[in-house]
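Worksheet for the structure shown next.
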Amino acid sequence: MAPFSVGMPVPPVLRPIAQLPDADVYELAIRQIEAEILPGVRTPVLTYGNHFVAPTIRAKSARRTLITFRNHLQAASNVHLHGGHVPAASDGHPMDLIHPGGARLYSYPNRQQGATLWYHDHSHHTEAEHVFRGLHGAYLLEDDSERHLGLPDGEYDIPILLRDAAFDESGALVFAEPEYRTTLLANGKPSPYFPVAARKYRLRLLNVSTHRDFTLSLGGVEMTQIATDGGLLPAPVPRTTLLISPGERIEIVVDFSRHPLGTQLLLADTTGPVLRFDVVRRARDNSRVPDRLRELPALPEATATREVVLGFGFVGDVPMGLINGRPFDPNRIDAKIKLGTTEIWRITNGDVQYQVPHNFHTHLVQFRVLDRDGNPPLPGETGRKDTVHIRPGESVRVQATFGDYTGRFMYHCHLLEHSQMGMMAQMEITR
Ligand SMILES: [Cu+2]
């Protein structure tokens, strides 16, 4: 199919079914439907709320989200709020499942800085396939202190969920080897176009692929990065290429007023076109990108350090994903952490021989990247992160403070084909 034959939709914003003094109440069905991804073709997909991609949840900082997910699938599912600082009971532990016909209420406190989060399936051994088949949606946490900055908002603040896909002749999704996933989707459509006004837009890029890194450029045009996984950066960073690995988010502001009406700007990955912006109309623009966005707090002193090595290996003669030489075991605690303490973790991608990229994601906390092989963090990763890309042989040191909630939380490679093969571990936070 020729690229740019369909428009990119913006996912609908989910409406609350009730509003309490301190909470918004939602319901979402987990259901298989047929969606039109390729023009004129019906593709069975798994959805939240009967939408591929799922509806966007817009939450407000310090106002709780209470959301009941009802599982209409034949398989167990669950929900993890990626990047969310939430109690263990609502974190979507892989053994904490919603069985077919069942429902579960998740409570998200939203006591964290405004950020582009996302929600997705995290069911044990099926997370990669479930996310691949469509269980992914944006969760935008808004924060009052962002409003006075004057960044583009409303219809000029747009989440863009990026992923890949593969289809058979009947139009069904093929969950097979990642290298066959050559169709790139933006908000669920293949290499679409998106008409824009000649003004500034805030674009929230989310990589919801289970396996693919995107290396994006806009034909040399400057993309001003304003935020990373956990919210605003201290100051904007001009970028011309962006590496975004599975699970990561990068927010950019693009000023389309620098281009005459009729201009087409191509957002492309190194493997092909992702999305074309067509500058089609004029519009007023009072928005701005200030020189200072949000200060980062000083790092507290760390009282513990840990080594975490990600790599493939054999257990008996079965190839598995391993962390520190062991595959995930839900009955084992891999890291015991005292509530409120600060730790430095050095995470190494040990797969030098096979040259496999990995990344690292922790639940519960946002961390800060201290260094990569002793060198300063990359541009754009100086803010709060929950997912970090690690090249084969590379070591990344991160620092986090494990506050507020006790219980069991996961850390894992967010190439979900790797985590479901065992590259996952759990920490227990105790008093
Ligand atoms: Cu991995």
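The values are calculated or read from the model by the stated rules, or taken from the named source; none is laboratory data. None of these values were measured; they are calculated from a predicted model. Cβ coordinates were reconstructed from backbone atoms using ideal geometry, including for glycine residues, and neighbour counts include every protein chain displayed. What goes into the accessible areas is simple: the full protein's heavy atoms, side chains included, and nothing from ligands, DNA or RNA. Shrake-Rupley method; radii C 1.70, N 1.55, O 1.52, S 1.80 Å.
Size check on the range 380-420: the Cα extents along the three principal axes, sorted descending, read 33, 29, 16 Å. Annotation: per residue accessible area for the range 1-89 equals 43 Å², rounded to a whole number [probe 1.4 Å, protein chains only].
Taken about its Cα centre, the range 284-431 carries a charge dipole of about 420 debye when Lys and Arg each add +1 at the Cβ and Asp and Glu each add -1 at the Cβ.
Each of Pro94, Gly137, Val25 was placed along the dipole of the chain (beta-carbon charges, centred on the mean Cα), and the one lying farthest toward the positive end is Val25. Using a probe of 1.4 angstrom and keeping all protein chains present, the accessible surface of the range 144-215 works out to 35 square angstrom per residue. Estimated at 0.36 nm per residue, the fully extended path between Asn324 and Leu339 surpasses their Cα-Cα distance by 3.1 nm.
Helix-derived [θ] at 222 nm for the chain: sum -39500 (n - 2.57) over DSSP H runs of at least 4, divide by residue count, nearest 500?
My calculation for the chain gives -500 deg cm²/dmol from helical runs alone.
Give, to the nearest whole percent, the P(r) tail of the range 343-398 beyond 19 angstrom, counting all Cα pairs. Considering the range 343-398, 23 percent of its Cα-Cα pairs are separated by more than 19 Å. Ligands, DNA and RNA left out, the 1.4 Å accessible surface of the chain is 51% carbon and sulfur atoms. Counting only DSSP beta bridges with both residues in the chain, the antiparallel share comes to about 70 percent. Sites listed here are trypsin sites (Lys or Arg not before Pro) in the range 291-349 whose DSSP assignment is loop and whose Cβ has at most 16 other Cβ atoms within 10 Å: Arg292, Arg332.
How large is the convex hull of the Cα atoms of the range 69-184 per residue, expressed in Å³ as a whole number?
Each residue corresponds to 143 Å³ of Cα convex hull volume.
Sorted from longest to shortest, the spans of the Cα atoms of the range 1-113 along the three principal axes equal 46, 31, 25 Å. Just so you know, the Cα atoms of the range 156-234 work out to an Rg and Dmax of 14.9, 48 Å. Determine, for the chain, the count of lysine pairs separated by eight or more sequence positions (or lying on different chains) whose alpha-carbon distance falls under 28 Å. Going through the chain pair by pair, I get 7.
Per q in 0.07 Å⁻¹, report the Debye log10 I(q)/I(0) for the chain, using one uniform scatterer on each alpha carbon and no solvent. Reported log10 I(q)/I(0), two decimals: -0.31. The coefficient of translational diffusion for the range 282-334, derived via Stokes-Einstein from the alpha carbon Kirkwood radius under 20 °C and 1.002 mPa s, stands at 129 µm²/s. Entry comment: accessible area of the range 272-431 is 46 Å² per residue, from protein heavy atoms only and a probe of 1.4 Å.
When Rg and the Kirkwood Rh are both derived from Cα coordinates, the Rg/Rh ratio for the range 94-245 amounts to 0.99. For the range 306-431, what class follows from the C-alpha gyration tensor (a ≥ b ≥ c being the square roots of its eigenvalues): rounded when a/c is under 1.5, otherwise prolate if a/b is larger than b/c, else oblate? Verdict is oblate for the range 306-431. Under a model in which nothing but the beta-carbon of Lys, Arg (+1) and Asp, Glu (-1) is charged, the chain shows a dipole of about 980 debye around its Cα centre. The magnitude of the dipole of the range 221-296, with charges of +1 and -1 set on the Cβ of Lys/Arg and Asp/Glu and taken from the Cα centre, is near 340 debye.
After finding the eigenvalues of the alpha carbon gyration tensor for the range 50-134, what semi-axes result from the square roots of 5 times each, listed largest first in whole Å? Working shown, then result.
On the way: eigenvalues 93, 38, 29 Å².
The equivalent ellipsoid of the range 50-134 has semi-axes of 22, 14, 12 Å.
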